[in-house]
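Enquirer: Let me begin by handing over the structure; questions about it come next.
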Amino acid sequence: MSRTTSPPTRHRRAAALAGSALLAATALTVSSLSGTAAAQAEGTRAAAAKVDNPYAGAKVYVNPDWSAKAAAESGGSKISNQPTGVWMDRIAAINGTTGARGLRSHLDTALTQSGGSPMVVQLVVYDLPGRDCAALASNGELGPNDIDKYKTQFIDPIASILSESKYANSNLRIVTTIEIDSLPNLVTNTGGRPTATPQCDTMKNNGNYVKGVGYALNKLGAIGNVYNYVDAGHHGWIGWDDNFNATAQVIKQAATAEGSTVDKVAGIIVNTANYSALKENNYTINDSINGKSVRESKWVDWNRYVDELSFAQAFRQELVNVGLPSNIGALIDTSRNGWGGTARPAGPGAKTDVDTYINGGRYDRRIHVGNWCNQSGAGLGERPKAAPASGIDAYVWMKPPGESDGSSSAIPNDEGKGFDRMCDPTYTGNPRNGNNMSGALPNSPLSGHWFSAQFQELLKNAYPAL
């Protein structure tokens with residue numbers, strides 16, 4: 001799951017428990033959400049009508065495959081009962097691969113964990129043709145023109161399983177996060193921009209990202225208990241003026257492609273598999289130092305947003321403005337954006353100049369906001385929680401902590417995954433990260449594979465602390 005950025009026409013983001021513990025799958029509580037009681041009551045019946053927020057009053061599925069790996073780590077039992085996303089990232093994942101159960105097995109396990117209560121199952125639908133055109137670590141198995149194969153061998157089988165009465169008429173609420181790293185690329189990494197790649201130009205010209213996302217939204221959104229959330233990058237990718245509305249327009253285009261309608265979009269997800277801080281408390285976008293706006297600092301670099309919460313709320317509203325339903329929600333992935341530990345600033349930086357002020361106070365300690373691969377110093381963020389803020393359906397851990405973003409050197413594989421230098425700690429960068437060092441941890445495995453050193457880093461630097 002790669003993350004890149006597109007400065008200066010703006011950054012693209014820049015990824016064995018006992019059975020009794022699993023049955024106690026984490027319940028997300030809701031404090032100030034209207035209609036919660038009604039949502040709970042509705043969830044106990046067959047899933048005939050969608051609720052406004054699928055996380056309201058529901059448990060969330062704990063993936064036993066990830067949980068076992070987390071629990072086997074020193075200190076991992078502190079978080080191994082947390083709900084994480086299940087990644088359908090290749091055709092083989094539907095029926096299961098070595099060490100990872102298939103979709104039906106996940107759904108059957110979720111029915112058991114639910115104990116008859118409403119339960120959210122979080123799926124990442126992630127196998128577009130020409131996938132992740134601006135990075136190599138999470139390239140996929142399908143070529144740029146394999147749109148028919150995507151439809152018939154990937155989306156159709158997933159939709160068929162989810163449509164089975166055992167699941168479609170159950171207490172499950174299936175949250176599908178649609179094609180991470182796709183639509184924003186068509187804005188930030190195409191055309192004459194210095195961050196453009198030939199692969200992204202190809203995907204824009206052939207239209208297969210838009211077609212693929214539209215097809216997935218249409219097929220999956222037609223199922224009564226499925227909730228589609230479209231990937232919308234993060235603030236350090238889409239937060240600039242020339243990316244913000246343009247990305248909203250592309251998402252609307254996809255939401256109305258291949259027979260889909262905007263009503264089949266439940267919301268957006270931001271910061272998936274990324275590291276952008278949830279809330280920067282030591283400065284705001286409106287601050288100025290010695291008459292100079294913080295937007296002029298090297299870190300903010302004229303962005304309109306400084307953190308994920310403000311960006312998610314604003315971008316959700318932008319989608320409403322361009323024609324999506326007014327009740328759409330947003331998910332924020334907080335699995336790796338805590339930035340705790342000894343490097344976490346206790347207050348604002350010195351007011352010497354805007355750069356000193358920002359760099360001294362920012363929680364996000366990356367070298368550059370465009371760095372996305374296995375970041376050194378990162379920590380677990382807020383634990384999964386329903387309705388934590390206005391317009392936000394939930395904080396989620398869609399990216400399972402401990403799963404690598406990509407390998408730090410080339411590793412032959414049959415998963416279609418390439419070697420991206422942004423995962424190499426010796427790499428000095430490219431236009432998508434302002435030609436800075438990558439900030440990546442060394443000795444990392446292929447994307448999606450278990451990376452113990454990263455898991456331990458996330459535990460150590462968790463904020464809130466474990």
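Enquirer: State whether the residues of segment 185-196 include one that is surrounded by fewer than 24 Cβ atoms within 10 Å (Cβ to Cβ) and under 12 Å from residue 131 (Cβ atoms).
Expert: No, segment 185-196 contains no residue that is surrounded by fewer than 24 Cβ atoms within 10 Å (Cβ to Cβ) and under 12 Å from residue 131 (Cβ atoms).
Enquirer: Please find, among 432, 366, the residue that is within 27 Å of residue 142 (Cβ to Cβ), of a type in the set (Lys, Arg) and out of contact with any Asp or Glu (no Cβ under 9 Å at 6 or more places or on another chain).
Expert: Residue meeting the stated conditions: 432.
Enquirer: To continue, here is another question. Please work out if residue 153 is in a helix (DSSP H, G or I), more than 22 Å from the chain's Cα centre (by Cα) and surrounded by fewer than 20 Cβ atoms within 10 Å (Cβ to Cβ).
Expert: Against the criterion (in a helix (DSSP H, G or I), more than 22 Å from the chain's Cα centre (by Cα) and surrounded by fewer than 20 Cβ atoms within 10 Å (Cβ to Cβ)), residue 153 qualifies.
Enquirer: Of the residues 170, 160, 182, which single one is open to solvent by 20 Å² or more (accessible area, probe 1.4 Å), of a type in the set (Gly, Ala, Ser), out of contact with any Asp or Glu (no Cβ under 6 Å at 6 or more places or on another chain) and not in a strand (DSSP E or B)?
Expert: Going through 170, 160, 182 in turn, just one is open to solvent by 20 Å² or more (accessible area, probe 1.4 Å), of a type in the set (Gly, Ala, Ser), out of contact with any Asp or Glu (no Cβ under 6 Å at 6 or more places or on another chain) and not in a strand (DSSP E or B): 160.
Enquirer: Also: Of these, 49, 41, 27, 14, which one is at pLDDT below 95, more than 20 Å from residue 126 (Cβ to Cβ) and touching a Lys or Arg at 6+ places or on another chain (Cβ under 9 Å)?
Expert: Just a single option satisfies the conditions, and that option is 27.
Enquirer: Out of (1) under 30 Å from residue 175 (Cα atoms); (2) touching a Phe, Trp or Tyr at 6+ places or on another chain (Cβ under 9 Å), what's the single condition that is false for residue 415?
Expert: (2)
Enquirer: Right, next: Restricted to segment 236-249, and to residues that are open to solvent by 10 Å² or more (accessible area, probe 1.4 Å) and not aliphatic (A, V, I, L, M), which residue is farthest from residue 209 (Cα to Cα)?
Expert: Ranking the candidates gives 241 first.
Enquirer: Follow-up. Evaluate segment 122-144: report whether one residue or more is surrounded by fewer than 16 Cβ atoms within 10 Å (Cβ to Cβ) and among the polar types (S, T, N, Q).
Expert: No, that holds for no residue.
Enquirer: Here are some residues: 279, 219, 292, 252. Which one is surrounded by fewer than 22 Cβ atoms within 10 Å (Cβ to Cβ), farther than 30 Å from residue 351 by Cβ, modelled with pLDDT of 95 or more and among the basic types (Lys, Arg)?
Expert: Exactly one of 279, 219, 292, 252 is surrounded by fewer than 22 Cβ atoms within 10 Å (Cβ to Cβ), farther than 30 Å from residue 351 by Cβ, modelled with pLDDT of 95 or more and among the basic types (Lys, Arg), namely 252.
Enquirer: Mind telling me which of the residues 68, 110 ends up being open to solvent by 20 Å² or more (accessible area, probe 1.4 Å), more than 20 Å from the chain's Cα centre (by Cα) and over 26 Å from residue 424 (Cβ atoms)?
Expert: 68
Enquirer: Among the residues of segment 409-429, is there at least one that is at negative phi, open to solvent by less than 10 Å² (accessible area, probe 1.4 Å), small (Gly, Ala, Ser) and not in a helix (DSSP H, G or I)? So that I can check it myself, show each step before the final result.
Expert: Start the filter on segment 409-429 by keeping residues that are at negative phi, which leaves 409-415, 417-428.
With open to solvent by less than 10 Å² (accessible area, probe 1.4 Å) added as a condition, the list becomes 422-423.
Next, from what is left, pick out any that are small (Gly, Ala, Ser): none.
No, every residue in segment 409-429 fails to be at negative phi, open to solvent by less than 10 Å² (accessible area, probe 1.4 Å), small (Gly, Ala, Ser) and not in a helix (DSSP H, G or I).
Enquirer: Scanning for something open to solvent by 10 Å² or more (accessible area, probe 1.4 Å), at pLDDT 95 or above and under 19 Å from the mean Cα position of the chain (by Cα), does segment 343-358 turn up at least one residue?
Expert: No: zero hits.
Enquirer: Right, another one. Does at least one position in segment 412-419 carry a residue that is closer than 20 Å to residue 88 by Cα and aromatic (Phe, Trp, Tyr)?
Expert: Taking every residue of segment 412-419 in turn, none turns out to be closer than 20 Å to residue 88 by Cα and aromatic (Phe, Trp, Tyr).
Enquirer: While we're here: Just to check your reading of the model, which residue among 462, 453 is closer than 30 Å to residue 62 by Cβ and either open to solvent by 20 Å² or more (accessible area, probe 1.4 Å) or more than 19 Å from the chain's Cα centre (by Cα) (or both)?
Expert: 453
Enquirer: Residue check, residue 373 against (1) open to solvent by less than 50 Å² (accessible area, probe 1.4 Å); (2) out of contact with any Asp or Glu (no Cβ under 8 Å at 6 or more places or on another chain); (3) part of a loop (DSSP other than H, G, I, E, B), all met but one. Which one?
Expert: (2)
Enquirer: From 91, 79, grab the single residue that is open to solvent by less than 10 Å² (accessible area, probe 1.4 Å) and either over 23 Å from residue 168 (Cα atoms) or modelled with pLDDT of 95 or more (or both).
Expert: Matching residue, one of 91, 79: 79.
The values are calculated or read from the model by the stated rules, or taken from the named source; none is laboratory data. Predicted model, so just to flag it, every value in this text is computed and none were measured. Note that each Cβ is placed from the backbone with ideal geometry, even for glycine, and that neighbours are counted across all protein chains shown. These accessible areas exclude ligands, DNA and RNA; they are computed on the full protein's heavy atoms, side chains included. Shrake-Rupley method; radii C 1.70, N 1.55, O 1.52, S 1.80 Å.
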